[in-house]
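Reviewing the structure listed below.
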Amino acid sequence: MNSEESQALFEEDSWKDRAVCPIKTTYGVGYRIKARVLPYLIGFVYLVPTSDSEWIMIDSGCGDEDSNADVENGFRIIREEYDHSFKLETISHLCLTHAHVDHAGGVYEFKRQTNAITAVHAFESRLVESYDEVARVENCRYARFLLESGVPPESVEAVLDGFGFRPGRLQSAAIDAPLYGWEKIGPLQAVYLPGHSSGHLAFLCGNAIFSGDLLLSKTLSQIWPARITPQTGVLNYVHSLLKLKTIALRYEELHGRKLTAFPAHEEPIFDVPARVDKALRGMERRNNRLLNLFREDASPMTLWEILPKMYWSGRPNREFFALSDIGSRVELFLQLNLLRVVDSERLSSSNPAIRYRFSFANAEAAKNTIKQIVGMRLPGDQSNLI
Ligand SMILES: [Zn+2]
Ligand SMILES: [Zn+2]
């Protein structure tokens, strides 16, 4: 089946709700398994065939009962409806795009069931192997971020509960192969694309790229301030989007056909460069909206005070995600000298809430913040990945 037919297959609405979708790539037939990876979120686990009649599993769901049951049901459907030779023992590798709970939570259970070699970027292997330790340390850092954001001290624990990165939530699992983003695992080429997380990887395979949470088909991915999660922030995220676009354009140039991105949530992306451009425009719009809120309101504001103005229909328990989104943009604006901190002399360790106001001296530079950073180069930036 060629890529046009594969595209037609996925554009059929009836496929979107299926528990298992075959993915027909130039490399071979793989599968997409749908799983309830968080109470409010659907995600996908992918299976990619190797030349030795084995399988590579990409991501693992969140590890709770519903998620594991959905993945196991997907395995059953593959065996009964598509490939009678499929067995759990033929899954040789379990590769993670990143170690967020909705991707890494199932590693313990599926490693136990398959004995697969587990692989994740080296920056995130500690999170999988020592989940409770990392969760305890990170929650202290996040609490500090929330206090600086102006969250009332008595609400900090509730906001962190809403985020849910709590000790005891996951069972830690051993990582056999820490990755750095240049490895080949069977037919997969790992590509380091940080920004949504410190060690975010995508996996190239024939005319498919399994792109994790870097780029989704409809919504903008979650971003975090680089000061609370290294290698994230707006700059790294935008540069990884651009790198993905370059990979897709070069693939098309070399092979005369398009590269299809299979994200970990939402539907496949058949025109990656166009979707990256649209995501960048979306980032720019959100930046401008936030900057305009500071510009229009003369009174200085904390991130917590600006939250309801920016996300008036915010879902309950989502404050940490929204604050991280705002915080990562404010971090960029401060670096670009577009915001000022008000009354900094009153800041102390017991009174860390930071109030910002727009820096009118730099109003001209505030325009097109994304366009400015798109032109910036990261150290060692190279585009000769494929
Ligand atoms: Zn994620
Ligand atoms: Zn995710």
TODO: Inspect all residues belonging to segment 206-221 and state whether any of them is in contact with a helix residue (DSSP H, G or I) (Cβ under 6 Å, 6 or more places away or on another chain) and farther than 20 Å from residue 282 by Cβ.
DONE: yes
Open item on the list: Among the listed residues 204, 147, 188, identify the single one that is open to solvent by 20 Å² or more (accessible area, probe 1.4 Å) and touching a residue at least 12 places away in the same chain (Cβ under 8 Å).
Closed with: 147
TODO: Mind telling me which of the residues 116, 158 ends up being open to solvent by 20 Å² or more (accessible area, probe 1.4 Å) and over 18 Å from the mean Cα position of the chain (by Cα)?
DONE: 158
Task: Qualifying residue in segment 79-98 (condition: at pLDDT 95 or above, farther than 16 Å from residue 32 by Cα, in contact with a His (Cβ under 7 Å, 6 or more places away or on another chain) and buried (at least 19 other Cβ atoms within 10 Å of the Cβ)) - done: yes
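Return the total of residues in segment 194-218 being away from ligand 1 (no atom under 13 Å from the Cβ) and not in a strand (DSSP E or B).
Looking only at that region, the number is 4.
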Open item on the list: residue 125 - would you say it is of a type in the set (Ser, Thr, Tyr), more than 16 Å from ligand 2 (Cβ to nearest atom) and surrounded by fewer than 19 Cβ atoms within 10 Å (Cβ to Cβ)?
Closed with: no
Open item on the list: If residue 162 satisfies all but one of (1) modelled with pLDDT under 95; (2) under 22 Å from residue 199 (Cα atoms), what's the number of the condition it fails?
Closed with: (2)
Open item on the list: Would you confirm, using the coordinates I've provided, whether residue 169 is modelled with pLDDT under 95, within 16 Å of ligand 2 (Cβ to nearest atom) and assigned to a loop (DSSP other than H, G, I, E, B)?
Closed with: yes
TODO: Give the residues of segment 18-41 that are hydrophobic (A, V, I, L, M, F, W, C), surrounded by fewer than 16 Cβ atoms within 10 Å (Cβ to Cβ) and either part of a helix (DSSP H, G or I) or within 16 Å of ligand 1 (Cβ to nearest atom) (or both), sorted by residue number.
DONE: 41
- [ ] With the condition kept exactly as written, say whether any residue in segment 273-296 is surrounded by fewer than 15 Cβ atoms within 10 Å (Cβ to Cβ) and over 23 Å from the mean Cα position of the chain (by Cα).
- [x] yes
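Quick one: which strands (runs of 3 or more DSSP E) sit completely within segment 246-358 and have at least 3 residues that are over 28 Å from residue 139 (Cβ atoms)? Full working, then the answer.
Numbers: elements: 260-263, 339-342, 355-358.
Of the strands (runs of 3 or more DSSP E) lying wholly inside segment 246-358, those with at least 3 residues that are over 28 Å from residue 139 (Cβ atoms) span 260-263.
Yes or no, residue by residue, for (1) under 16 Å from residue 47 (Cα atoms); (2) open to solvent by 10 Å² or more (accessible area, probe 1.4 Å); (3) of a type outside the set (Asp, Glu); (4) within 26 Å of the chain's Cα centre (by Cα):
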residue	(1), (2), (3), (4)
71	yes, no, yes, yes
103	yes, no, yes, yes
109	no, yes, no, yes
112	no, yes, yes, yes
Task: Where a residue in segment 250-265 is closer than 24 Å to residue 219 by Cβ and in contact (Cβ under 8 Å) with a residue 24 or more places away in the chain and its partner, wherever it lies, is of a type in the set (Asp, Glu) and within 16 Å of ligand 2 (Cβ to nearest atom), with Cβ under 8 Å and at least six apart - done: 263/213; 264/59; 264/102; 264/213; 265/213
TODO: From the list 231, 222, pick out the single residue that is open to solvent by 30 Å² or more (accessible area, probe 1.4 Å), within 16 Å of ligand 2 (Cβ to nearest atom), within 30 Å of residue 303 (Cα to Cα) and within 13 Å of the chain's Cα centre (by Cα).
DONE: 222
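One residue is enough: does segment 180-189 have a residue meeting the conditions in contact with a Ser or Thr (Cβ under 8 Å, 6 or more places away or on another chain) and away from ligand 1 (no atom under 16 Å from the Cβ)? Steps first, please.
Taking segment 180-189 as the starting set, the residues that turn out to be in contact with a Ser or Thr (Cβ under 8 Å, 6 or more places away or on another chain) are 186-187.
Now drop any that are not away from ligand 1 (no atom under 16 Å from the Cβ), which leaves 186-187.
The answer is yes; a qualifying residue exists.
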Open item on the list: When the residues of segment 234-272 are narrowed to those that are under 13 Å from the mean Cα position of the chain (by Cα) and hydroxyl-bearing (Ser, Thr, Tyr), which ends up surrounded by the fewest Cβ atoms within 10 Å (Cβ to Cβ)?
Closed with: 240
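The values are calculated or read from the model by the stated rules, or taken from the named source; none is laboratory data. None of these values were measured; they are calculated from a predicted model. Ideal geometry is used to build each Cβ from the backbone, glycine not excepted, and the neighbour counts take in all protein chains shown. These area figures cover heavy atoms from the full protein model, side chains too; ligands, DNA and RNA do not enter into them. Shrake-Rupley method; radii C 1.70, N 1.55, O 1.52, S 1.80 Å.
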